[in-house]
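In what follows, a single structure is set out as structure tokens and then discussed.
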Amino acid sequence: MACLSNPCSLPSHSSAGAAFVNLVTHLMTAQCFITEPWPENQRHRIKDDKFDFIIVGSGTAGSIIANRLTQIEEWKVLLVEAGDNPPVESIIPNFSGATHRLDQVWQYFTEKDETTNKGCFDGKSFWPRGKMLGGTGSINGLLHMKGSPGDYKPWHLKDGDGWDWQSIKKYFMKSEKMVDPLILNNPELRNNHGTDGEFVVDKLNFTHTEIANKLINAYLEMGLTYLDDLNGPTQMGIGRLQGGNHKGRRVSTATAFLNPIKNRDNLYILKNTFVNQIIFEDSKAVGIKATDIKGKSLKFYASKEVIVSAGAVNTPVLLMLSGIGPKQHLEELKIEVVADLPVGENLQDHVRIPVPVTLNTRAKQLSDTFWLKAAAQYLLEQDGPHAINFDQPNINAFISVPDGKKLPDVQIDHNYFLPNTSYVYPMCRNIMSFTDEICKQFEEMNANSEMIIFFVSLCRPYSRGKILLRSKIPTDHPKIYPKYFNDKQDMDIFIESLKRVTDIVDTKIFKEIGAKLERIKFKDCNNFEFRSDDYWECMARTLTYNVYHPVGTAKMGAADNPTSVVDNELRVLGIKDLRVVDASIMPTITSVNTNAPTMMIAERGADFIKLEHVLRKTKDEF
């Protein structure tokens, strides 16, 4: 800018000059206030190595468990986190995607298998996981979705196991503080929500409301039902989203459950501390081995339980490094086997592809100053484009093929881009991890046209992957085999669903705005007829893109089931005083985003722990 290279002629002591200087000073100072009252690293408070409970991981589940267990004042709880405080990009909703390539994130990649991810860099899926307070809940897309009773039916194996829908619903509501007026002012809708919990759930806003309305009307024209509440009894239809975004800031379990209790006397928080191994004595978990940021080795001991809440990738890694896992795999790495369990198996994830549609509503590209104004607005008021998921219409659609199923086959997210959006290419490369060849096509489609990317996700895959150790070195990234579309049923369902979803371009609403389904060119797919079954299968194997929802790698199930790792109270089978409480225990993946279900698991697990140790104490007293 020329004004920065030339002497300023405006006297700094004039009224106008003072006003401008004050504004600049205020803006520079305001960025310092975009933070949260994070707990400090409390190594200085730890006078000995003995605790009642040790929690590994302060993510979506771990932060809740720390809150609930420290409600018992006599229990001394150590919470160990490999990362530090979330960065400023985590706090500002519109920068959620920008967090994925930061140092505070585990930047995992899947193993190459030649059958999927052909359009991805190195043929691998990018799997970022949160390495910070709040875990992956501090870098996700902020959606809060609970699913419906059918999602949890496979979890409920017998009466009284705590996983019936009424129990699950109660624990969803326990965490939730719904503030969306649309829900609160409707008694029927309000009955499905909690209003007294710690985690604030609000409606998700979107700038381009006319696009959201056109999408809704087009889906209605296709025969979908409009749902007043996507967190109601069913998700089959189209509705507006809710999420952890309140007053222009992200809500995570760290902000909601951990920050408010950071000064509890019985809570000790260690950040930048990596847990390498669980310590056992006679098949009983008694503590952990860890390394701090300076490389110093540490040991801590738990008189009651070690609770692993490191997430669906890092939990199985820690268990296997500690000797709990498939016997043959551990023996190959010369790891002493403590328990032969199928840790790392049963891996599930929501797989999706981006489907580009160009259109023309005569919207114009953003001016050069748009984002400068947006930054100033956020700094001054914590409002505006950065206070929301700017490109994401606040709606989701769920459909089944054919119609009439109780649970959906696919979930459809949407991203809308004005013409010539500057970050389409970087988003494609850095977040989707597609090749230059693919990303240039998205950029060209958007050069002179508006574009909606329909992200079509498979809700309940039959395919199962696995996670294995790469070596005995704790910091080595694991081998991740997602096995997307490994089961033929998944591809069959996905193809039929893609054909149904893309019929939206043939609706009257979309024809009126010149909507066009765009073809992605790729050498393996170019000979197939556009929109044919072969074309869609080729796209699924080329544009494979995960939804960051890995679950199931420490499966909950009956003790006599050879696929189980934990029982219905989340205790590791055959091991005393070791529990897993996070998304890895899910027997089957939910049809919806997995952050809210993981919160429910944490609430459920915390009560299991409390009940067991209160009863144990009562028995000891008598």
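The values are calculated or read from the model by the stated rules, or taken from the named source; none is laboratory data. Just so you know, these numbers come straight off a predicted model, no measurement behind them. Backbone-built Cβ (ideal geometry, glycine too); neighbour counts: all protein chains shown. Side chains included, ligands, DNA and RNA excluded: accessible areas come from the protein's heavy atoms. Shrake-Rupley method; radii C 1.70, N 1.55, O 1.52, S 1.80 Å.
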Out of all the residues in the stretch 189-246, which are surrounded by fewer than 18 Cβ atoms within 10 Å (Cβ to Cβ) and acidic (Asp, Glu)? Asp196, Glu210, Glu221, Asp228
Scanning the stretch 350-364 residue by residue, the ones that are open to solvent by 10 Å² or more (accessible area, probe 1.4 Å) and either at positive phi or not in a strand (DSSP E or B) (or both) total 5
Quick one: which strands (runs of 3 or more DSSP E) lie wholly within the stretch 176-285 and hold at least 1 residues that are of a type in the set (Lys, Arg)? 176-178, 199-203, 237-240
Can you tell me which residue is nearest to the chain's Cα centre (by Cα) among those in the stretch 563-590 that are part of a loop (DSSP other than H, G, I, E, B) and among the aliphatic types (A, V, I, L, M)? Ile589
Among the numbered criteria (1) buried (at least 18 other Cβ atoms within 10 Å of the Cβ); (2) under 24 Å from the mean Cα position of the chain (by Cα), which single criterion is violated by Glu537? (2)
Subset of the stretch 438-455, residues out of contact with any Lys or Arg (no Cβ under 6 Å at 6 or more places or on another chain), within 16 Å of Ile353 (Cβ to Cβ) and not polar (S, T, N, Q), comes to Ile438, Phe442, Met445, Met451, Ile452, Ile453, Phe454
So for the stretch 326-345 (the condition being closer than 30 Å to Ile91 by Cβ and not aromatic (Phe, Trp, Tyr)), does at least one residue qualify? no
Enumeration of residues in the stretch 497-526 that are polar (S, T, N, Q) and within 17 Å of Met539 (Cα to Cα): Ser497, Thr502, Asn526
Looking only at the stretch 385-440, count every residue that is of a type in the set (A, V, I, L, M, F, W, C), touching an Asp or Glu at 6+ places or on another chain (Cβ under 6 Å), in a loop (DSSP other than H, G, I, E, B) and open to solvent by less than 10 Å² (accessible area, probe 1.4 Å) and tell me the total. 0
When you look at Gln382, is it of a type outside the set (Lys, Arg) and surrounded by fewer than 19 Cβ atoms within 10 Å (Cβ to Cβ), yes or no? yes
Any residue at all in the stretch 335-344 that is open to solvent by 40 Å² or more (accessible area, probe 1.4 Å), part of a strand (DSSP E or B) and under 30 Å from Pro587 (Cβ atoms)? yes
Search result, residues across the stretch 32-86 that are closer than 11 Å to Leu270 by Cα, open to solvent by less than 50 Å² (accessible area, probe 1.4 Å) and not in a strand (DSSP E or B): Pro39, Gln42, Ile46, Gly57, Ser58, Glu81, Ala82, Gly83
Among the listed residues Glu188, Glu176, identify the single one that is in contact with a strand residue (DSSP E or B) (Cβ under 7 Å, 6 or more places away or on another chain) and without any contact (Cβ under 8 Å) to a residue 40 or more places away in the chain. Glu176
Only one of (1) more than 23 Å from Asn389 (Cα to Cα); (2) part of a helix (DSSP H, G or I); (3) open to solvent by less than 10 Å² (accessible area, probe 1.4 Å) does not apply to Thr29, and that is (3)
Output for the stretch 88-135, where each listed residue is free of Cβ contacts under 8 Å to residues at least 60 places away in the same chain, within 30 Å of Lys521 (Cα to Cα) and not β-branched (Val, Ile, Thr): Ala98, Gln107, Lys112, Glu114, Asp122, Gly123
Within the stretch 95-140, restricting to residues that are at pLDDT below 95 and of a type in the set (Gly, Ala, Ser), the one that is nearest to Arg250 (Cα to Cα) is Ser96
When you scan the stretch 183-191, do you find a residue that is closer than 26 Å to Gly97 by Cβ and either modelled with pLDDT under 95 or out of contact with any Phe, Trp or Tyr (no Cβ under 7 Å at 6 or more places or on another chain) (or both), even just one? no
